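The values are calculated or read from the model by the stated rules, or taken from the named source; none is laboratory data. Worth saying up front: this structure is predicted, and the values here are computed from it rather than measured. Here the Cβ positions follow ideal geometry from the backbone for every residue, glycine too, while neighbour counts run over all protein chains shown. For accessibility, only protein heavy atoms count, side chains too; no ligands or nucleic acids. Shrake-Rupley method; radii C 1.70, N 1.55, O 1.52, S 1.80 Å.
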Amino acid sequence: MSTTSENKFAVGRQAQLPLGRAFTISMNSLKIRFWRSMVTAGGIFLGIAFLATVLTQWLMQWPVPPKVDAGFVRLDGQIVGPGDYDVYKPVPVDAGRQAGIPQEVIDKVKLPDGATFSLTEIIQGQLQKKRAERNLTRVQEEWKHLSKFEKNLPIYVDILAGKDIKTTDATKAGVPKALVAKAVVIGETLDGTDALKKLRDLKKVDAICLATALNKDITPAQAQQAGMPNDLVAAVMAVPAPEPEEATADQDAEASTGPPPPKPGTFRGSTIVKVLDENPDFWTEFRYINKLRKMLPVYADIAEEKDIRVEDAVTLGLPRKTAEQMAARFPTFKGADLIDLFREKTDGIEPIYLATALDQDIRIRDAERAGVPTAIAKKLAGSGKAFKGSSLNDAIKDHPRWTKIWKARLKRNAIFDKAPQAAIDKLAKEYAISLTEAFAAGKNPDAKTANLGNVMIVNENGRKLGLDLKKEPNLANTTPLESGDYVFIPDINSFYRMWWLVGMSLLVCMVGITNSMLMAVTERFKEIGTMKCLGALDSFVVLLLVLESSLLGICASALGWVLGFISMVLIAGFTKGWDMVATMNPWLVLGSFGVCVAAGMALTLIATILPAMQAARMPAAMALRAEI
């Protein structure tokens with residue numbers, strides 16, 4: 001072998017460095033030019049991060065199955081008439097009998113034509129029956145806890161309202177006897193009806209006062225005979241009769257809202273009280289009128305079934321001793337008097353009752369400790385953390401009504417349990433509508449915006465079906481729907497916009513990477529010339545630069561995918577719910593990672609190959625003379 005051939009062999013042997021050596025040189029180059037490398041990696045990082053967000057959004061395109069009533073299918077998205085529609089066609093009566101549906105059930109759900117019936121109504125009836133059973137059990141369980149407040153809580157609500165309270169009722173409700181005794185001293189009263197009965201026995205009630213107490217009509221002749229002057233009678237007759245109150249929506253139509261108005265030509269004692277109050281300086285010379293001024297308001301209170309004070313009973317003519325004895329047998333007091341005592345001393349009273357009487361907020365935790373069901377406490381509190389005792393009292397009054405409602409619904413829908421489940425399942429398969437029939441019911445998809453190439457059907461039972469009706473339109477006729485299906489037709493414009501943004505972002509990313517790599521190669525001309533003087537071949541220089549860009553592409557792409565994926569998952573989870581995040585397929589997530597890393601490497605290789613080949617082809621002498 002000649003000397004020349006040996007030198008050539010040595011140079012070739014020197015150029016053919018192992019791949020590991022080229023990798024080490026590339027890593028050292030990245031470390032030396034760290035910040036320049038970060039600029040290049042930043043472009044890749046941001047471009048791939050955007051691609052990852054779009055791919056993650058595409059992975060979450062499957063809708064979360066909503067709650068659709070049994071027997072219905074829901075159409076949503078780009079369809080003219082979105083909404084819920086019957087998933088079953090009308091079933092012939094004969095077919096229902098042959099399947100095993102009892103005649104009484106068929107008669108219950110017959111359609112107007114008389115020849116078919118609704119399978120959906122049978123399924124809904126069974127569902128309503130189960131729902132009524134659950135709610136009735138819940139309401140009855142809640143009533144076990146609420147019933148212990150039924151008797152006592154209204155007493156404290158009346159105390160808050162300042163009403164007359166019987167001492168026996170107060171002590172039974174848990175108010176200490178010492179406080180009750182103080183309240184009775186403050187305002188001692190007796191039953192007005194009992195007082196009237198006693199006065200009538202003593203024959204101390206004249207005709208006008210008795211008519212006032214009993215809400216009876218008084219004629220002008222009766223008033224004049226009792227001793228009322230003519231001008232007072234005329235003034236009373238001039239007052240227009242009050243209009244009768246109409247029953248409200250919350251009251252029964254037959255319920256009376258008050259005494260009927262007086263007959264024409266008559267008046268009531270309450271009108272006399274009104275006239276005398278408005279004219280305090282008139283008719284003062286008449287002894288009988290002065291007597292009426294004192295006594296008639298008390299009789300008006302008796303007519304309204306109010307309790308009267310002992311002093312007022314004495315004014316009516318009841319002996320004081322008798323009045324005091326009656327007050328002792330039927331003692332009452334004003335709720336407002338007891339509230340003042342509550343503020344001074346609260347020992348021996350349950351906190352929930354005390355808070356009700358003082359109109360204080362009852363916290364949910366305190367209500368739970370007192371025995372109020374958690375669901376009731378949270379419902380009364382609404383969006384807050386506390387509620388009023390009066391609200392709890394209203395809920396207790398309303399609870400028996402809900403018991404009756406759920407019992408009635410349970411009884412009304414019990415007939416549907418007679419339909420065998422096997423018969424219902426058989427008819428459901430035979431008479432389920434197809435996707436084409438569902439589209440017809442919803443007035444068909446929007447011709448301009450509907451993406452029929454990606455129709456999605458999901459169900460709470462785990463059913464998940466994607467249809468490309470552009471390629472296979474016949475699938476709409478051959479795909480039967482199921483009870484509870486949710487059919488979603490996406491917007492095709494959003495699909496185009498998404499991939500247009502991806503393409504533009506990757507193009508901008510590639511231009512930035514190309515510029516960065518071109519600058520990186522240009523500033524290394526002298527280094528490349530030195531390597532070529534030492535025997536490096538063009539292929540080795542290209543390999544070196546490609547390895548360097550590949551390392552940048554892999555690392556930046558992986559980090560960009562992590563950023564894009566995590567940010568999109570967090571945004572979707574907090575805005576649309578974590579159920580949507582759960583619809584992603586784990587294998588497709590890994591696939592998106594591979595796509596992003598492959599796209600990042602492809603972009604860097606495409607952007608690097610031209611500057612690398614240009615630098616590798618430069619003669620060594622020219623590369624050494626290059627000035628940047």
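Condition check: open to solvent by 30 Å² or more (accessible area, probe 1.4 Å), closer than 24 Å to Arg409 by Cβ, of a type in the set (D, E, K, R) and at pLDDT below 90. Does Lys67 satisfy that? Against the criterion (open to solvent by 30 Å² or more (accessible area, probe 1.4 Å), closer than 24 Å to Arg409 by Cβ, of a type in the set (D, E, K, R) and at pLDDT below 90), Lys67 qualifies. The residues of region 301-313 that are open to solvent by 30 Å² or more (accessible area, probe 1.4 Å) and either modelled with pLDDT under 80 or not in a helix (DSSP H, G or I) (or both), listed by number, are Glu304, Glu305, Lys306, Asp307, Arg309.
So which helices (runs of 4 or more DSSP H) stay within region 314-378 end to end and still have 3 or more residues that are charged (D, E, K, R) and surrounded by fewer than 18 Cβ atoms within 10 Å (Cβ to Cβ)? Qualifying helices (runs of 4 or more DSSP H): 320-329, 335-344, 364-370. Here is the figure for region 100-157: residues that are at positive phi and either buried (at least 19 other Cβ atoms within 10 Å of the Cβ) or touching a Ser or Thr at 6+ places or on another chain (Cβ under 6 Å) (or both) total 0.
When region 399-451 is filtered for residues that are over 16 Å from Arg134 (Cα atoms), among the aromatic types (Phe, Trp, Tyr) and touching a helix residue (DSSP H, G or I) at 6+ places or on another chain (Cβ under 6 Å), only Phe416 remains.
All conditions in (1) modelled with pLDDT of 85 or more; (2) outside any helix (DSSP H, G or I); (3) open to solvent by less than 50 Å² (accessible area, probe 1.4 Å) hold for Val236, with the sole exception of (2).
Tell me, please, whether a residue that is within 26 Å of the chain's Cα centre (by Cα), assigned to a helix (DSSP H, G or I) and touching a residue at least 40 places away in the same chain (Cβ under 8 Å) can be found in region 97-113. Among the residues of region 97-113, not one is within 26 Å of the chain's Cα centre (by Cα), assigned to a helix (DSSP H, G or I) and touching a residue at least 40 places away in the same chain (Cβ under 8 Å), which makes the answer no. Within region 396-410, the set of residues being hydrophobic (A, V, I, L, M, F, W, C) and under 18 Å from Lys151 (Cβ atoms) comprises Ile396 only. Taking the numbered list (1) among the charged types (D, E, K, R); (2) assigned to a helix (DSSP H, G or I); (3) at pLDDT below 90 in turn, Glu133 passes all entries but (3). Filtering region 179-229 to residues that are of a type in the set (Val, Ile, Thr) and not in a loop (DSSP other than H, G, I, E, B) leaves Val180, Val184, Val185, Ile186, Thr189, Thr193, Ile208, Thr212, Ile218.
Just one of the listed residues (Asp337, Asp361) is among the charged types (D, E, K, R) and under 16 Å from Ala181 (Cα atoms), namely Asp337. Going by the conditions given, is Pro82 over 25 Å from the mean Cα position of the chain (by Cα) and open to solvent by 20 Å² or more (accessible area, probe 1.4 Å)? Answer is no for this residue. Checked against (1) in a loop (DSSP other than H, G, I, E, B); (2) open to solvent by 90 Å² or more (accessible area, probe 1.4 Å); (3) under 30 Å from Lys182 (Cβ atoms), Glu285 passes all but a single condition, namely (3).
Here is a yes/no grid of residues against (1) of a type in the set (Lys, Arg); (2) surrounded by 17 or more Cβ atoms within 10 Å (Cβ to Cβ); (3) under 33 Å from the mean Cα position of the chain (by Cα):
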{"residue": "Val542", "(1), (2), (3)": "no, yes, no"}
{"residue": "Val546", "(1), (2), (3)": "no, yes, no"}
{"residue": "Ser557", "(1), (2), (3)": "no, yes, no"}
{"residue": "Val562", "(1), (2), (3)": "no, no, no"}
{"residue": "Val569", "(1), (2), (3)": "no, yes, yes"}
{"residue": "Gly573", "(1), (2), (3)": "no, no, yes"}
{"residue": "Met601", "(1), (2), (3)": "no, yes, no"}
{"residue": "Ala607", "(1), (2), (3)": "no, yes, no"}
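The C-beta contact set for region 218-241 (first residue without any contact (Cβ under 8 Å) to a residue 60 or more places away in the chain and within 19 Å of Ala300 (Cβ to Cβ), second residue surrounded by 11 or more Cβ atoms within 10 Å (Cβ to Cβ) and among the aromatic types (Phe, Trp, Tyr), distance under 7 angstrom, 6+ apart or interchain) comprises Ile218/Phe267; Leu232/Trp283; Val236/Phe267; Met237/Phe267. In region 498-513, is there at least one residue being part of a loop (DSSP other than H, G, I, E, B), open to solvent by 50 Å² or more (accessible area, probe 1.4 Å), over 22 Å from Thr436 (Cα atoms) and out of contact with any Gly (no Cβ under 8 Å at 6 or more places or on another chain)? Scanning region 498-513, I find no residue that is part of a loop (DSSP other than H, G, I, E, B), open to solvent by 50 Å² or more (accessible area, probe 1.4 Å), over 22 Å from Thr436 (Cα atoms) and out of contact with any Gly (no Cβ under 8 Å at 6 or more places or on another chain), so the answer is no.
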